[in-house]
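Colleague: Pasting a structure here, questions to come.
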Amino acid sequence: MGFWKKTNARELLTRRLVRDLDERGICQPETERDLAQRLVALARENHEHLTR
């Protein structure tokens with residue numbers, strides 16, 4: 001669970017997701033950060049299930 005305790009690592013992941021979402025035009029402009037934060041939160045909630 002070390003990754004989830006590292007604020008800098010989570011922020012880096014969020015920024016990379018924002019960049020990727022923006023580059024690919026996956027969502028409306030100005031909503032990338034919100035979606036990225038939701039994705040990171042979802043991954044955290046499902047960490048055990050995803051890493052089995």
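Just so you know, all these numbers are worked out from the coordinates, no wet-lab data involved. It should be emphasised that the depicted structure is a prediction, and the values quoted were computed from it without experimental measurement. A quick note on method: Cβ atoms are made from the backbone with ideal geometry, for glycine too, and the neighbour counts reach across all protein chains shown.
Colleague: Just for segment 12-33: of the residues that are surrounded by 12 or more Cβ atoms within 10 Å (Cβ to Cβ) and among the acidic types (D, E), which one is farthest from the chain's Cα centre (by Cα)?
Modeller: It comes out as D22.
Colleague: Residues of segment 7-52 being among the β-branched types (V, I, T) and part of a loop (DSSP other than H, G, I, E, B), which ones?
Modeller: I26, T31, T51
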